[in-house]
Amino acid sequence: MEKLVISGGKALSGEVSVSGAKNAAVAIIPATILADSPCTLENVPCIKDVAVMFEIMTRMGAVIKQTGENTFYVDATGVNTTDVVFEEAGRMRASYYILGALLAKKGKACVRMPGGCFFGDRPMDQHIKGFSILGADCRFDDPKDCVSVFAEKGLKGGYIYMDVVSVGATINVMIAAVTAEGTTVIENAAREPHIVDVANFLNMMGANIKGAGTEVIKIKGVKELKGVNYSIIPDQIEAGTYIAAIAATHGKALVKNVIPKHLDSIIVKINEMGVKTSVGDNGDSIFVDAGGELKCCKVKTMPHPGFPTDMQPQFVALMAMATGTSHMRETVWECRFQYIEQLIKTGMDVKISGNKRDLLIIEGGKKLHGTDMQATDLRAGAAMIITALCADGVSTISNINYIERGYDRIVDKLKAMGADIDKKDF
């Protein structure tokens, strides 16, 4: 079993470069199924979720070749199956994007129920609602543990109101609708940066999508899409994680390859806690200076452009290093506090409160000590790393497969900033 071994107490310094966005990459890769010719994808993060998606695509008949450190040639013109019920498809949440892509390209699909991190009910009802309005028949096949969609007469545009703001459903319906006859309107759409990135990729291929990044997306169907060269945007959550880690260790470092606008909600709270930040001259980096005292604050997670739920655990780790009482309220997902008992093992003073058990109260400034922790999900694992970097002594973190699902070479990047961290077999 591999574990991370971390000796805490060192301030991070130097610089770190952010990789491509995980949540954009795992949607863009299956969207290449729509293209009538090969695509070249740049700034692809080298993470397990991407590797699994490439495994799935290869088993479907696509040709994948790595042509550079983060560049991949993807030829999906040879995809020869609509039944994606093999084990790999059940290992990640984003496998559901294959449904939208195959439905648009082949008129049908059967995909194994997606997996991924568990932190509460994550239904596919909005995906199914959108596909149904476009003219597809949808059903759940319990024996195969899969979702099946059919559109024998082809897809037709329609008006789709999302009952809840759903990133996955917004992207999936958008992918399915790009070749549907007529116009599709998605209202109450999610607005995250990776939704805009997927839309930009599809538009470069020849789609006609307007409004991505707003609450209303309009899609005029086109007959064909071509292969393109495309560079994936930087990962806002990876950037936010390193910013939080630098701040928590009272470090000073440059975070490169970022889009500062995507980090507005994170930077506002970082500044509120007394951390100084400045955007580089080229507009693609942020310098973080956390040499002073960290102050407590209150944060509530919200859909974009609010504070991202995927930064909640990392910020809890940061709040534990601040003076005073901080509050973290989670409004997006239930059951996202499973990791707290692991942080408490370090001596962190954090309690779950609120009528819906959706509030964390963190008494900051306590001395933390190294301990053994187990990652419970991707972002929780990142929070444990930050906590271990701040604790006295040695910590170990197991279940690191969660962390490697979404962080490209995190050990190497942290070591380059002076962290005492290694991956070891036990």
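Descriptive notes on the structure:
- For residue 153, the aspartates and glutamates whose Cα falls under 19 Å of its own Cα, not counting residues fewer than eight places away in the same chain, are 137, 181, 224.
- Only protein atoms count toward the accessible area here, which uses a 1.4 Å probe; on the chain, the carbon and sulfur part of that area reaches 48 percent.
- Share, in percent, of DSSP beta bridges within the chain that are antiparallel, nearest 5: 70 percent
- The chain: Rg to Rh, with Rh as the Kirkwood radius over Cα pairs: 0.98
- Kirkwood-based shape ratio for segment 34-161, expressed as Rg/Rh from alpha carbons: 0.98
- Restricting the calculation to Cα atoms, every distinct pair contributes to the Kirkwood radius of segment 220-334, found to be 15.2 Å.
- For segment 4-128, the relative contact order works out to 23 percent when only alpha carbon pairs closer than 8 Å and six or more residues apart are counted.
- Segment 35-112 and segment 169-204 have Cα centres spaced 18 Å apart.
- Cross-link check: pairs 129/356; 298/367; 48/351 evaluated at a Cα-Cα cut-off of 26 Å; pairs beyond the cut-off: 129/356; 48/351.
- Number of Lys-Lys pairs in segment 157-294 with C-alpha atoms under 22 Å apart and a separation of 8 or more places or on different chains: 13.
- When the helices of the chain are scored as -39500 (n - 2.57) per DSSP H run of n ≥ 4 and the total is divided over every residue, the value at 222 nm lands at -8500 deg cm²/dmol.
- Sorted on the mean count of surrounding Cβ atoms within 10 Å across their residues, most packed first, peptides 153-160, 87-94 read 87-94, 153-160.
- At most 16 other Cβ within 10 Å, DSSP loop - GluC sites (Glu not before Pro), segment 306-360: 334
- Modelled this way, with points 7 Å down the Cα-to-C-beta line, the labels at residue 252 and residue 282 are 2.2 nm from one another.
- Extension gain from residue 208 to residue 42, taking 0.36 nm per residue of separation minus the Cα-Cα distance: 57.5 nm
- Pairwise label distance in nanometres, residue 338 with residue 187, each label 7 Å out on the Cα-Cβ vector: 3.6 nm
- Taking 0.36 nm per residue of separation and subtracting the current Cα-Cα distance, fully stretching the chain between residue 58 and residue 363 would add 104.9 nm.
- Segment 263-331-segment 377-425 distance, computed between alpha-carbon centres (Å): 19 Å
- Using heavy atoms of the protein chains and a probe of 1.4 Å, the accessible area assigned to residue 150 is about 60 Å².
- Take the Kirkwood radius over Cα pairs of segment 266-361, plug it into Stokes-Einstein at 4 °C and 1.567 mPa s, and you get 90 µm²/s for translational diffusion.
- Computed E for residue 289/residue 264 - FRET, C-beta separation, R0 22 angstrom, nearest 0.05: 0.75
- Cleavage-rule hits (GluC sites (Glu not before Pro)) in segment 1-80: DSSP loop, at most 16 neighbouring Cβ within 10 angstrom: 69
- For segment 308-426, the spread of Cα positions along each principal axis, largest first, Å: 42, 29, 24
- In the full protein context, segment 7-59 carries 28 Å² of accessible surface per residue, based on a 1.4 Å probe and ignoring ligands, DNA and RNA.
- Working from the Cα coordinates of segment 101-224, the gyration tensor eigenvalues give, after taking √(5λ), semi-axes of 22, 18, 13 Å in decreasing order.
- For segment 204-279, diffusion coefficient by Stokes-Einstein and Kirkwood Rh (Cα), 4 °C, 1.567 mPa s, µm²/s: 84 µm²/s
The values are calculated or read from the model by the stated rules, or taken from the named source; none is laboratory data. Keep in mind that what you see is a predicted model, and the values were worked out from it rather than measured. For neighbour counting, all protein chains shown are included, and Cβ atoms are generated from backbone atoms with ideal geometry for every residue, glycine included. These accessible areas exclude ligands, DNA and RNA; they are computed on the full protein's heavy atoms, side chains included. Shrake-Rupley method; radii C 1.70, N 1.55, O 1.52, S 1.80 Å.
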